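The values are calculated or read from the model by the stated rules, or taken from the named source; none is laboratory data. For clarity, every value in this text was computed on a predicted model and none was experimentally measured. Cβ sites come from the backbone with ideal geometry, for glycine too, and all protein chains shown count toward neighbours. Quick note on the areas: whole protein, heavy atoms, side chains included, nothing else; ligands and nucleic acids left out. Shrake-Rupley method; radii C 1.70, N 1.55, O 1.52, S 1.80 Å.
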Amino acid sequence: MRLSVLDLVPVRSDQNTSDALAATTRLAQVADDLGYTRYWVAEHHNMPSVAATSPPVLIAHLAAHTTALRLGSGGVMLPNHAPLAVAEQFALLEAAHPGRIDLGIGRAPGSDPVTSMALRGAAGRDDRDIEGFPDYLDDVVALMSSRGVRVPLPRDLMRDNYILKATPAAVSEPRLWLLGSSMYSARLAAAKGLPYVFAHHFAGQGTEEALQLYRSQFRPSELTPEPVTFLTVNAAVAASHDEAMRLILPNLQMMAKLRTGQPLGPLDLVEDAEARQLSSREQAVVDAGLRQAVVGSPEQAAAQVHALADMFGVDEVMIHPVASAYRGVDPATAPARETTLELLAKELF
């Protein structure tokens with residue numbers, strides 16, 4: 001089984017942004033040394049608990065500090081960006097680190113409406129342009145290739161079509177993945193003949209239906225002749241089940257705040273999370289999150305990962321290590337997240 005990592009670059013209450021980035025760099029190096037397949041970073045905006053705002057910047061940083069990992073986005077939220085900008089960024093990353101770059105693309109904004117508007121600018125696209133997402137996806141693929149995109153222009157401007165490229169001389173291209181948590185994304189990935197990743201760590205339901213739809217409707221493409229898919233899952237692994245439960249609690253409570261419409265802050269330390277009193281609605285979200293996550297001792301967690309892989313028919317699982325930390329830990333580190341990767345690797349590799 002292949003294991004990979006998804007990282008939102010969490011910011012704990014004892015950390016600043018520099019600390020969170022330092023901890024993520026260490027975590028990527030641990031994953032690299034252990035033999036994880038890929039390491040993806042997300043795109044979220046204006047969230048106190050998430051420092052992953054710019055995947056291409058983070059990918060460039062992590063690629064320079066690792067040697068074997070495939071680095072990628074999980075994902076770039078395409079409605080926020082011009083397709084040419086995304087294609088240029090990832091074509092350049094691929095040129096700098098050939099064969100190590102994945103471009104995962106999603107349709108969600110990764111932010112609130114006000115932030116989305118600020119990202120796109122006064123003259124930028126609005127939510128109506130989400131309807132154009134399939135076309136934007138095609139544009140990114142073509143722009144990164146050696147062929148480029150043929151842009152039709154009025155005859156009074158130019159006789160022939162204009163060729164637009166993201167890079168002057170592409171030798172290789174990033175591997176493109178479509179991300180999603182709905183039937184829409186599964187159907188689109190199948191129609192485009194793209195690899196597909198289901199955000200099980202976020203949705204927690206509909207996984208089986210989406211993957212079945214993707215496989216049944218898949219149309220082979222030049223780059224992907226048969227369906228390729230895996231899923232993501234939240235995980236906290238420790239020496240004992242009780243310890244893992246303590247470490248995952250801050251993340252579960254943060255998701256409870258998000259689902260119940262409360263203001264978000266940095267990720268709590270374990271002691272602060274344990275002192276919180278939850279409402280019945282919050283507790284229901286926490287309980288649901290536990291049922292969807294990989295939590296426990298190394299043996300328990302490995303069995304849960306195998307069960308997920310068997311249930312959904314995948315040979316790769318992307319681990320989202322969500323363990324927090326105790327008071328007094330070096331802010332520039334995330335030891336419980338590192339331990340999660342180490343203990344899983346020991347059992348599964």
Relative contact order (%) - the range 255-349, alpha-carbon pairs under 8 angstrom, separation at least six: 30
How large, in Å, is the range 1-145 by the Kirkwood hydrodynamic radius built from its alpha-carbon pairs? 15.8
With every protein chain kept in place and a 1.4 Å probe, the residues 94, 88 fall, from largest accessible area down, as 88, 94
So how far apart, in nm, are the two label points at residue 172 and residue 67 if each is 7 Å from Cα heading toward Cβ? 1.7
May I ask you to derive the relative contact order of the chain, considering only C-alpha pairs under 8 Å and at least 6 residues apart, and to give it as an integer percent? 20
Where 77, 1, 117 fall by accessible area, highest first, once all protein chains stay in place (1.4 Å): 117, 1, 77
Helix-only [θ]222 nm of the chain, DSSP H runs n ≥ 4, -39500 (n - 2.57) each, per residue, nearest 500: -13500 deg cm²/dmol
Quick one: Karplus J couplings for the range 208-216, per residue in order, coefficients 6.51, -1.76, 1.60, θ = phi - 60°, nearest Hz, x for Gly and Pro? 4, 5, 5, 5, 5, 4, 4, 5, 6
The answer for residue 39, listing residues at least 5 apart or on another chain whose modeled amide H is closer than 5 Å to its amide H, is 5, 70, 71, 72
If you count only protein heavy atoms and use a 1.4 Å probe, how large is the accessible surface of residue 240, to the nearest 10 Å²? 50
Quote the accessible area belonging to residue 93 in square angstrom, nearest 10, computed with a 1.4 Å probe and with ligands, DNA and RNA left uncounted. 20
Antiparallel bridges, percent of DSSP beta bridges restricted to the chain (to nearest 5): 10
Running a GNM on the chain with Cα contacts under 10 Å, which residue among 226, 316, 173 ends up with the highest mean-square fluctuation? 226
Mean Cα-pair separation over length for the range 1-101, i.e. relative contact order, pairs under 8 Å, 6 or more apart, %: 27
Over all distinct alpha-carbon pairs, what is the Kirkwood Rh of the range 211-274 in angstrom? 15.2
For the chain, alpha-carbon Rg relative to the globular expectation (2.2 N^0.38 Å, N residues): 1.00
